[in-house]
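Engineer: The structure under discussion is supplied below as structure tokens; questions concerning it will follow.
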Amino acid sequence: MLRGGSIPYLEGVLKYIKSRAAAFHTPGHKQGKGAYAPLSLLLGEKCFQADVGDEVGGPEDGDELLRRAEALAARLYGVDRTYFLVNGTTSAIHGMLLGVLAPGDELLISRNMHMAAAAGLILAGVEPVFIPVKWCPSFGLPLGWEIDQWQQAGEEHPKAKGAFLVYPSYHGFCPPLAPLIDLIKAQGKLVLVDEAHGPHFALNSSLPPSALELGANLVAHSAHKILGALTQSSFLHVQGKSPERLGRALELLLSTSPSPLLLASLDGARAQMEEGERLWDRALNLARMARERIEKLPGLSLLGPDYVAKGMIAAFDPTKLAVSVKELGYTGWEAAAFLRRCGVQVEMADWWTVLCLLTYADGHAEVDALASGFAQLSAAPPPDGGAAAKRLAGEDITPPAIPPRMLSPREAFFRPRSQVPLERALGRIAAEIIAPYPPGSPVIIPGEVFTEEVLDYLELLRSFQVKVRGVDDPSLAEVAVVA
Ligand SMILES: Cc1ncc(COP(=O)(O)O)c(C=O)c1O
């Protein structure tokens, strides 16, 4: 028996490959025989052989193997049902919203939502009741929420069916979740959690608590971001009674030809994580070593511990290394470019920080490479004498207050639209999502009004050439407004 025990779906794929059946079925590359040579070189033969469509398991039913694999994942996470999804946590979020809410329903939703949630509001025709988030003013990073604001919003919107929140943040910051979940449940609402960055929490007792342990109803995990599944592979977990429409909603959203590579990778990642306690202990150990080494370097500091000490967050994920480069006179983007030249690729960069992830897959060599990259950064003078950082230091990088809303996101999305120059958008209603990416949290969504504060912030993003998504014009010279 392999480590992790049974892997029904993965074994189904292997069994079909071994059967050597003459393939008269999709995909057209016929298990690699017709693959484009450079692609074959890149991916290897096995990858194409495993790309077997509906034939997984041969005579056995692939759907049944998938159900068994999903049941094992549900057992690992201690939930009633787990779905394997092949369009990432994006599809999990869309499924949650379409599965729980009907057009016109209200949803309490934390404003640091990912743009996938904004898209879900459009798809499901939901009326959002946004809960503001606290931002760290020095670094422009979201820290979480004030529980009183959820309470007040819940009381003012008693008919809201659910509450949707992001936990942990991209940078691994964890606001206090247990009292919030208790509050939302006491208000009779469903708790929907985007735990994209925390699929390992439930697997190791030294990590912050998972929303699952705290009683959330629906929880999405990007197994591909943190665990060993292939990119685009996610879990959606259900605790307690499944919302009646959830399965149908997912069916609407997902391909009828889900990639067997992705599904097998979810099965394998789950099996591997049967040893989550041990694997994540190792990652935590490495992360501790990396933190100690980076912290000793002049000009660098790690965000997280300080926020906990000051009570700004309840906990943080130590495997996420949010490194401030502010004291060095670098912007985060400049530091990321420098590290790249040293052979170190970070997960993301923003105003003043770079974010590096350590997982169970890393070892001492990776910690050495990371520490060496940061040591070189710490010793190198910033580009152009630190001109960009000096300019940035004078700016207010806290995202703007939530803009007033005139239309539902869905209504605004489907209205006729036009493009206007950014500087002429004041008072107009947005027709598109505008989200700096990563992390992909929208500044404005369809239906909201461009305020002066929003325009100033977008100008700032533009002047630092921050990548934005959701927009027709990524340069932000023009924005889409309701005509
Ligand atoms: C908080 C959060 N939620 C959802 C998503 C979307 O997840 P996926 O890429 O798995 O579709 C992301 C992606 O970065 C994210 O950061």
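Engineer: Please work out if D63 is in the same structural domain as L263 (by TED's automatic domain parsing), more than 17 Å from H221 (Cβ to Cβ) and exposed (fewer than 14 other Cβ atoms within 10 Å of the Cβ).
Structural biologist: Yes; evaluated as a whole, the condition is true for this residue.
Engineer: Let me ask you something else. Which one of A387, A401, A412, A483 is surrounded by 19 or more Cβ atoms within 10 Å (Cβ to Cβ) and more than 16 Å from the ligand (Cβ to nearest atom)?
Structural biologist: A412
Engineer: Could you tell me which residue of segment 245-270 is nearest to the ligand (Cβ to nearest atom), considering only residues that are touching a residue at least 60 places away in the same chain (Cβ under 8 Å) and in a loop (DSSP other than H, G, I, E, B)?
Structural biologist: Residue satisfying both the conditions and the ranking: L254.
Engineer: Sort out which residues of segment 197-242 are assigned to a loop (DSSP other than H, G, I, E, B) and either among the basic types (K, R) or under 19 Å from R67 (Cβ atoms) (or both), and write them in order of number.
Structural biologist: A229, S233, Q239, K241, S242
Engineer: To continue, here is another question. Under the condition of being exposed (fewer than 12 other Cβ atoms within 10 Å of the Cβ) and of a type in the set (D, E), which residue from segment 452-480 is farthest from W333 (Cα to Cα)?
Structural biologist: It comes out as E452.
Engineer: Quick check on this structure: which one of V166, V126, V133 is within 16 Å of the ligand (Cβ to nearest atom) and over 30 Å from G228 (Cα atoms)?
Structural biologist: V133
Engineer: Taking into account only those residues within segment 84-93 that are over 22 Å from C174 (Cα atoms) and surrounded by 24 or more Cβ atoms within 10 Å (Cβ to Cβ), which is nearest to the ligand (Cβ to nearest atom)?
Structural biologist: Filtering segment 84-93 for residues that are over 22 Å from C174 (Cα atoms) and surrounded by 24 or more Cβ atoms within 10 Å (Cβ to Cβ), the one nearest to the ligand (Cβ to nearest atom) comes out as L85.
Engineer: Taking the stated definitions as given, is L43 out of contact with any strand residue (DSSP E or B) (no Cβ under 7 Å at 6 or more places or on another chain), surrounded by fewer than 20 Cβ atoms within 10 Å (Cβ to Cβ) and hydrophobic (A, V, I, L, M, F, W, C)?
Structural biologist: Details: out of contact with any strand residue (DSSP E or B) (no Cβ under 7 Å at 6 or more places or on another chain): yes; surrounded by fewer than 20 Cβ atoms within 10 Å (Cβ to Cβ): yes; hydrophobic (A, V, I, L, M, F, W, C): yes.
For L43, the condition - out of contact with any strand residue (DSSP E or B) (no Cβ under 7 Å at 6 or more places or on another chain), surrounded by fewer than 20 Cβ atoms within 10 Å (Cβ to Cβ) and hydrophobic (A, V, I, L, M, F, W, C) - is met.
Engineer: Which one of the conditions (1) modelled with pLDDT of 95 or more; (2) charged (D, E, K, R); (3) more than 16 Å from the ligand (Cβ to nearest atom) does R111 fail to meet, given that it meets all the rest?
Structural biologist: Evaluating R111 over (1) modelled with pLDDT of 95 or more; (2) charged (D, E, K, R); (3) more than 16 Å from the ligand (Cβ to nearest atom) leaves (3) as the failure.
Engineer: Whether any residue in segment 435-447 is buried (at least 19 other Cβ atoms within 10 Å of the Cβ), away from the ligand (no atom under 16 Å from the Cβ) and on the phi > 0 side of the Ramachandran plot is what I want to check.
Structural biologist: yes
Engineer: Could you tell me how many of the residues in segment 47-78 are out of contact with any helix residue (DSSP H, G or I) (no Cβ under 8 Å at 6 or more places or on another chain) and not aliphatic (A, V, I, L, M)?
Structural biologist: Adding up the residues that qualify gives 7.
Engineer: So, of the residues in segment 51-77 that are in contact (Cβ under 8 Å) with a residue 40 or more places away in the chain and touching a strand residue (DSSP E or B) at 6+ places or on another chain (Cβ under 9 Å), which turns out to be farthest from L212 (Cα to Cα)?
Structural biologist: My answer is L66.
Engineer: Quick check, is T82 within 30 Å of W352 (Cα to Cα), polar (S, T, N, Q) and either part of a helix (DSSP H, G or I) or touching a helix residue (DSSP H, G or I) at 6+ places or on another chain (Cβ under 6 Å) (or both)?
Structural biologist: Spelling it out, it is not the case that T82 is within 30 Å of W352 (Cα to Cα), polar (S, T, N, Q) and either part of a helix (DSSP H, G or I) or touching a helix residue (DSSP H, G or I) at 6+ places or on another chain (Cβ under 6 Å) (or both).
Engineer: Among the strands (runs of 3 or more DSSP E) lying completely within segment 94-142, list those that include at least 1 residues that are crowded, with 21+ Cβ neighbours inside 10 Å. Write out each step before concluding.
Structural biologist: On the way: elements: 106-110, 127-131, 134-136.
Fully inside segment 94-142 and qualifying: 106-110, 127-131.
Engineer: In the set A309, A337, which member is among the aliphatic types (A, V, I, L, M) and within 20 Å of G385 (Cα to Cα)?
Structural biologist: Details: A309 fails: within 20 Å of G385 (Cα to Cα).
Just one listed residue meets the conditions, A337.
Engineer: Residue under question is S233, and the condition is that it be within 14 Å of H200 (Cα to Cα), surrounded by 20 or more Cβ atoms within 10 Å (Cβ to Cβ) and within 16 Å of the ligand (Cβ to nearest atom); does it hold? So that I can check it myself, show each step before the final result.
Structural biologist: Working: within 14 Å of H200 (Cα to Cα): no; surrounded by 20 or more Cβ atoms within 10 Å (Cβ to Cβ): yes; within 16 Å of the ligand (Cβ to nearest atom): yes.
Here the answer is no, as S233 does not meet what is asked.
Engineer: Give segment 374-414 a look and list any residue that's over 29 Å from the mean Cα position of the chain (by Cα), under 29 Å from V133 (Cβ atoms) and in a loop (DSSP other than H, G, I, E, B), or say none.
Structural biologist: G394 - this is the single residue of segment 374-414 that is over 29 Å from the mean Cα position of the chain (by Cα), under 29 Å from V133 (Cβ atoms) and in a loop (DSSP other than H, G, I, E, B).
Engineer: Does L14 count as of a type in the set (A, V, I, L, M, F, W, C), modelled with pLDDT under 95, part of a loop (DSSP other than H, G, I, E, B) and more than 21 Å from P243 (Cα to Cα)?
Structural biologist: When the stated conditions are applied, L14 does not pass them.
The values are calculated or read from the model by the stated rules, or taken from the named source; none is laboratory data. These numbers were taken from a predicted model, which means no experiment stands behind them. Please note: Cβ atoms are built from the backbone with ideal geometry, for glycine as well, and neighbour counts cover all protein chains shown.
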